[in-house]
Amino acid sequence: MAQLGLAAVLVVVGAYTFYDATTLRIGFGDPVGPRVFPYVIGAVTVLLGALLAVATMRGDVPEAEGGEDVDLRQPADWLTVAKLVGVLMVTVLTISFLGWAVSGAILFVGSAWSLGSRTLVRDVIVGFVLSVSSWYAFHEGLGVILPAGILDGVL
């Protein structure tokens, strides 16, 4: 039954994407225009939803996994979840002041620590390299401006 629900969601999302593409206003100079991709994505999503519904009605259902390595008898580790939420909140609250390079490094280091890493120096180096390189990738490669924060003028 869950597969039919997923198929319905796919059809609705695809149909909305297709409809939303019709509302795009473009100039007369671009024959292809920006509508092509949403039309294709919407149509493919509707088609996949329909194919999933047909396969489900024919009785094609996925098999349950034989062996998960998760012991369902153990309770959830809410302390780890709380640490991750805290690290994410620190990132959200400090990104405008500290900037992405510093805040992203804090996010990586805090996430690694809360998930059990005990190599602080390596985590700081990896976090800083990842955050600075992603800042440059977004800023220079994609033209998306991320806040530089306290490193403004250095980056």
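Listed by Cβ neighbour count within 10 Å, with the fewest neighbours leading, Asp152, Asp20 appear as Asp152, Asp20.
The largest-to-smallest principal axis extents of the Cα set in the chain are 60, 54, 22 Å. Backbone geometry of the range 121-131 corresponds, through the Karplus equation with coefficients 6.51, -1.76 and 1.60 at θ = phi - 60°, to 3J(HN,Hα) couplings of 4, 4, 5, 5, 5, 5, x, 5, 4, 5, 6 Hz, x marking Gly and Pro.
Counting neighbouring beta carbons within 10 Å and listing from fewest to most, the residues Arg58, Arg35, Arg73 come out as Arg73, Arg58, Arg35. In plain terms, the residue of Trp100, Trp113, Trp78 with the fewest other Cβ atoms within 10 Å comes first and the most crowded comes last, giving Trp78, Trp113, Trp100.
Based on DSSP H segments of at least four residues, each scored -39500 (n - 2.57), the chain has a per-residue ellipticity at 222 nm of -21000 deg cm²/dmol. Residue-wise HN-Hα couplings along the range 40-51, as the Karplus relation 6.51 cos²θ - 1.76 cosθ + 1.60 with θ = phi - 60° gives them from phi, are 5, 5, x, 5, 5, 5, 4, 4, 5, x, 5, 5 Hz; Gly and Pro carry x.
No lab work stands behind these numbers, since they all come straight from the coordinates. Quick caveat: nothing in here was measured; it's all calculated off a predicted structure. Quick reminder, even Gly has a Cβ in these numbers, built from the backbone with ideal geometry, and neighbours come from all protein chains shown.
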